[in-house]
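A quick write-up on the structure given underneath.
The values are calculated or read from the model by the stated rules, or taken from the named source; none is laboratory data. The structure displayed is predicted, hence computed values, not measured ones. Quick reminder, even Gly has a Cβ in these numbers, built from the backbone with ideal geometry, and neighbours come from all protein chains shown. What goes into the accessible areas is simple: the full protein's heavy atoms, side chains included, and nothing from ligands, DNA or RNA. Shrake-Rupley method; radii C 1.70, N 1.55, O 1.52, S 1.80 Å.
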Amino acid sequence: MIKTIISSELPIDEQFRIQKNVITNGTGTKRVCIVTGTHGDELEGQMVCYELVRIIQANINQLNGIVEIYPALNPLGIDTIQRGIPNFDLDMNRIFPGIKHGTLAEQAAYQIIEDLKGADLVLDVHSSNLYLRETPQVRINVNDEETLVPLAHHLGIDFIWVHDAATVLESTLAHSLNSTGTPCLVAEMGVGERINRKMCIRLVTGILNLMREMEMWSGDVDDTQLKELPYVCKGDSVEFLNAEASGIFLTDMTTGKMVDEGDEIGQIVSPLEGKILSRVVSPCHGFLFTIRAYPIVYEGSLMARIFKIKE
């Protein structure tokens, strides 16, 4: 059932709407919400929503509970391929929990929070930006580690990053929900403005597995897609690799790979002079979970992130 959670008139005979698809079956009362499209240039979540709705509706008798799908929290941003909310110059994931009688964007943020409150689990799906490619991962605020890490394990994706609290995170959807007692996981994967089908299928499989653990789903789950023991990163265990020169970044490396100290991640080259300006080299043994996707780099640009693993 398609429901509208907020609707507002736009200036010239148009309407701003945020909608959700509510799928119910059985006698179960547990509710899982999948939200995405907070940033208009992050598109991976669109396929995740499509696949999840398709699979559940085709196997509706295997569902015992409520699944709510929110494909586009920032529909204007998706329509115009803009990260933020057009004309408001706002990052939607920096205005939660919103204001009931505020601007259009603030009202939308407020209504989204009110609609999601009380769910047994919310999964907030993001892609990376245009510049970086991320392996499928879950990001968790250290303050919510005890509650959320066990849930994240059931998603069976590569990597769980427990990061330090930061003031800016207090205005995100995840922080706002977790602070009200509604558990919210943040999944991130891929690259901006693109859809990686394999990554999306892995996350959908993980969601079904998590629903199975919650006794909401009795259908088939492709266990071969699930990582039994994801890497869990805490504290200062991440190495950030920054460019030592400006130029064009060339690499054959992909994320989700183990690298050793001294392994070459890629090269920064000069097209004019036909020479290598710098080699991007791993400083440690570890798991490569972020790599530069956009080839134009400046000195200091983030090139890769590696989770250091002690041998």
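Assorted remarks:
- Hits among aspartates and glutamates - C-alpha to C-alpha of K117 under 15 Å, sequence gap 8 or more where chains match: E68
- Furthest towards positive pole of dipole, L177, L203, V162, structure part the range 159-222, Cβ charges: L203
- Annotation: amide H of C184 within the under-5 Å range of V122, N178, sequence separation 5 or more or interchain, hydrogens built in the peptide plane.
- Dipole magnitude (debye, nearest 20) for the chain, charges at Cβ of Lys, Arg, Asp, Glu: 440 debye
- Using only the C-alpha atoms, the convex hull of the range 7-99 corresponds to 121 Å³ per residue.
- The range 138-267 shape via C-alpha gyration tensor axes, a/c threshold 1.5: oblate
- Surface composition of the range 14-74: carbon and sulfur make up 44 percent of the accessible area, probe 1.4 Å.
- Of H39, H126, H101, the one that fluctuates the most in a GNM where the chain has Cα springs shorter than 10 Å: H101
- Heavy-atom accessible surface of the chain, averaged per residue, reaches 47 Å², computed with a 1.4 Å probe.
- Fraction of accessible area attributable to carbon and sulfur, the range 182-269 (%, probe 1.4 Å): 43 percent
- Close amide-amide hydrogen proximity is noted between G266 and V280, each under 5 Å apart and 5 or more residues distant or on a separate chain (H modeled in the peptide plane; Pro and chain starts excluded).
- The overall shape of the range 52-186, judged from the alpha-carbon gyration tensor, is rounded, with an a/c ratio under 1.5.
- Computed over the range 1-98, relative contact order equals 31 percent, with contacts defined as Cα pairs under 8 Å that lie 6+ residues apart.
- Relative contact order computed over the range 131-284 (Cα-Cα under 8 Å; 6+ residues apart), in percent: 23 percent
- Global geometry of the range 63-112, whether rounded, prolate or oblate, following the gyration tensor of its Cα atoms and the 1.5 cut on a/c: oblate
- Between helix 197-213 and the chain: long-axis angle, C-alpha atoms, 0 to 90°, nearest 10: 50 degrees
- Amide H contacts under 5 Å for T38, placed H, 5+ residues apart: L73, N74
- Using the Karplus relation 6.51 cos²θ - 1.76 cosθ + 1.60 with θ = phi - 60°, the per-residue 3J(HN,Hα) values for the range 100-109 come to 4, 10, x, 5, 3, 5, 5, 5, 4, 4 Hz, with x marking Gly and Pro.
- Accessible surface ranking that places the most exposed of M216, M199 first, with a 1.4 angstrom probe: M199, M216
- Normalised by 2.2 N^0.38 Å, where N is the number of residues, the C-alpha radius of gyration of the chain stands at 1.04.
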